[in-house]
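The values are calculated or read from the model by the stated rules, or taken from the named source; none is laboratory data. A quick note: this is a predicted structure, and the numbers were derived from the prediction, not measured. Reconstructed Cβ throughout: ideal geometry from the backbone, glycine too, with neighbour counts over all protein chains shown. Keep in mind that these areas ignore ligands, DNA and RNA; they rest on the heavy atoms of the full protein, side chains included. Shrake-Rupley method; radii C 1.70, N 1.55, O 1.52, S 1.80 Å.
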Amino acid sequence: MGKLILIVLTFALAWWLLRKYQRSLTRDEAPHAVPEDMVRCDHCGLHLPRSESRVSGDKFFCSEEHLHLHG
Ligand SMILES: [Zn+2]
């Protein structure tokens, strides 16, 4: 009987640690999800994430079209 309680307690502890671990993982993810560099289209002034922008020299554009409009 005492053994069974020990097993149950071990599982409860393992489950608790797992939950705590998962929670710490999701908390760590939050800062990564946050600010990506925002850049401004040099043609229309639209703000967009750097990864979605077209770059020409030191200028950023929101679309291929605006990049071409600026030469
Ligand atoms: Zn634009």
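Where does each of 12-23, 40-51, 59-70 land if you order them by average Cβ count within 10 Å, highest first?
Per-residue mean Cβ counts within 10 Å order the peptides as 59-70, 40-51, 12-23.
Quick check: residue separation of Thr10 and Arg50 times 0.36 nm, minus the Cα distance between them. What number comes out in nm?
Extending this stretch completely gives an extra 9.6 nm.
Compute the long axis of helix 2-33 from its Cα atoms, compare it with the longest principal axis of the Cα atoms of the chain, and write down the angle in degrees, 0 to 90, nearest 10.
10 degrees
What fraction, in whole percent, of alpha-carbon pairs in the chain exceed 13 Å separation?
Tail fraction, whole percent: 73.
Only helical DSSP H runs with n ≥ 4 go in: add -39500 (n - 2.57) per run for the chain, normalise by residue count and round the 222 nm mean residue ellipticity to 500 deg cm²/dmol.
-18500 deg cm²/dmol
Excluding ligands, DNA and RNA, what is the solvent-accessible area per residue of the chain at a probe of 1.4 Å, expressed in Å²?
Dividing the accessible area of the chain by its residue count gives 87 Å².
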